[in-house]
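Step one of this worksheet: look at the structure below.
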There are 2 protein chains.
Amino acid sequence: MARRTGRRPGNQDTREVILTAARAAFADKGFDGASIRAIATAAEVDPALVHHYFGTKDKLFLAAMQAPMDPAELLDAVAEGDLDQVGERFVRLFLTIWDGPGGAAGVALLRSAVGNEWTTRLFREFVVTQILRRAVPKLGLDDEQGPLRITLAASHMVGVAMARYVIKVEPLASVPSETIVAIVGPTVQRYLMDPLPDQSTSPPSVVR
Amino acid sequence: MARRTGRRPGNQDTREVILTAARAAFADKGFDGASIRAIATAAEVDPALVHHYFGTKDKLFLAAMQAPMDPAELLDAVAEGDLDQVGERFVRLFLTIWDGPGGAAGVALLRSAVGNEWTTRLFREFVVTQILRRAVPKLGLDDEQGPLRITLAASHMVGVAMARYVIKVEPLASVPSETIVAIVGPTVQRYLMDPLPDQSTSPPSVVR
């Protein structure tokens with residue numbers, strides 16, 4: 001994926017050098033621990049150039065991950081509107097991105113996510129800082145249950161993406177996206193918004 | 001993962017040679033198209049030796065995949081008992097396997113599944129022939145909706161495995177397994193056994 005040549009002066013090469021340094025920094029120190037200044041030093045460029053190319057640290061992270069979409073924009077679109085249909089909107093938007101031109105980038109991201117310990121750590125940082133940390137307040141969830149709700153919903157969607165776009169198991173791989181929206185949307189809605197069962201005292205059927 | 005040395009006479013080496021030939025055959029020709037005879041020929045051993053080491057073609061496939069469990073046994077355990085609790089039993093058993101000594105093999109299997117096109121094809125064959133094909137009759141599902149039901153439920157569990165055991169996103173990574181059983185069990189139950197919505201005419205809320 002990284003295009004490397006012997007020369008360095010071209011813009012494209014400088015961008016790649018910065019992105020490579022950024023991936024290493026985010027994986028080693030985490031999103032919060034990695035600074036634009038340190039990344040610039042590692043890439044042997046001026047920090048201003050990093051800002052010039054990529055804007056914020058969030059945007060640099062998205063570029064480093066080659067993310068198919070900006071989770072912040074996705075979350076904005078999902079949070080806007082009737083809270084009773086958050087699940088449906090989330091699943092529909094997710095599938096729209098994956099069924100579209102962003103799908104290939106999504107598959108590459110997932111493959112990379114499980115490639116090795118290093119890329120897995122990078123992906124975990126991405127999920128925690130770009131999705132989880134934002135989704136809890138954006139959807140008005142409380143800090144105690146919110147993270148579990150979001151990770152359950154996200155894990156379901158990762159599973160659907162794995163089955164439909166990576167492993168391509170039929171019929172899930174070619175069923176219309178609205179079929180999945182109709183079945184999985186209510187599940188995501190339930191995970192995000194309905195009362196969670198107290199598994200220590202109540203039977204599982206409470207949640208249905 | 002494959003241990004290769006220069007010599008061949010030892011049993012361990014012969015097993016590995018057979019498993020390597022089996023992986024190639026299952027990936028290239030699919031489970032049904034790959035014969036024990038052809039695998040034996042590729043491994044330069046007698047077919048009787050393949051049977052001696054691995055038993056049936058199903059068992060050879062499981063060994064080639066280094067599967068943490070035999071899906072046939074898992075399905076037997078899930079199908080046995082009250083059909084109202086199939087989802088709960090399925091999730092509990094799945095998590096018991098992954099939380100136990102089989103977990104490392106499961107992670108390796110998932111990593112391998114998305115490693116490249118070749119290993120992905122092998123994993124898809126595994127899912128289709130060892131899980132999907134058996135689960136539909138075992139759970140008494142009809143041929144029309146059964147495959148979608150199973151792939152939806154399986155995709156959810158793959159997503160949980162990805163989040164909990166591979167990417168290790170908190171709090172899902174360390175929450176007690178019974179918490180997941182209580183929340184995800186009813187979802188799997190619904191996917192497997194409840195009426196599916198007709199997404200072309202009904203609103204998604206029908207399924208809740």
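The values are calculated or read from the model by the stated rules, or taken from the named source; none is laboratory data. Predicted model, so just to flag it, every value in this text is computed and none were measured. Virtual Cβ from ideal backbone geometry, glycine too; neighbours counted across all protein chains shown. These accessible areas exclude ligands, DNA and RNA; they are computed on the full protein's heavy atoms, side chains included. Shrake-Rupley method; radii C 1.70, N 1.55, O 1.52, S 1.80 Å.
Structure summary
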{"item": "Subset of the stretch A:153-186 [open to solvent by 10 Å² or more (accessible area, probe 1.4 Å) and not in a helix (DSSP H, G or I)]", "result": "A:K168, A:E170, A:P171, A:A173, A:S174, A:V175, A:P176"}
{"item": "Residue tally, condition open to solvent by less than 40 Å² (accessible area, probe 1.4 Å) and farther than 20 Å from A:S155 by Cα, over the stretch A:63-97", "result": "2"}
{"item": "Contacts under 7 angstrom Cβ, first residue in the stretch B:104-127 being within 18 Å of B:K168 (Cβ to Cβ) and more than 10 Å from chain A (Cβ to nearest Cβ), partner surrounded by fewer than 20 Cβ atoms within 10 Å (Cβ to Cβ) and of a type in the set (S, T, Y), 6 or more apart", "result": "B:G106/B:Y165"}
{"item": "The stretch A:134-151 residues that are more than 13 Å from chain B (Cβ to nearest Cβ) and charged (D, E, K, R), paired with ones that are in a helix (DSSP H, G or I) and open to solvent by less than 20 Å² (accessible area, probe 1.4 Å) (beta carbon under 6 Å, 6 or more apart)", "result": "A:R134/A:L75; A:K138/A:L75"}
{"item": "Selection from the stretch B:48-80 of residues that are of a type in the set (S, T, Y) and over 23 Å from B:I150 (Cβ atoms)", "result": "B:Y53"}
{"item": "Among (1) in contact with a Ser or Thr (Cβ under 6 Å, 6 or more places away or on another chain); (2) more than 8 Å from chain B (Cβ to nearest Cβ); (3) among the polar types (S, T, N, Q) - the single one A:T187 does not satisfy", "result": "(2)"}
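Per-residue answers, yes or no, for (1) in a loop (DSSP other than H, G, I, E, B); (2) in contact (Cβ under 8 Å) with a residue 12 or more places away in the chain; (3) within 14 Å of chain A (Cβ to nearest Cβ):
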| site | (1), (2), (3) |
| --- | --- |
| B:D13 | no, no, no |
| B:L19 | no, yes, no |
| B:F26 | no, yes, no |
| B:A38 | no, yes, no |
| B:Y53 | no, yes, no |
| B:E88 | no, yes, yes |
| B:F94 | no, yes, yes |
| B:P101 | yes, no, no |
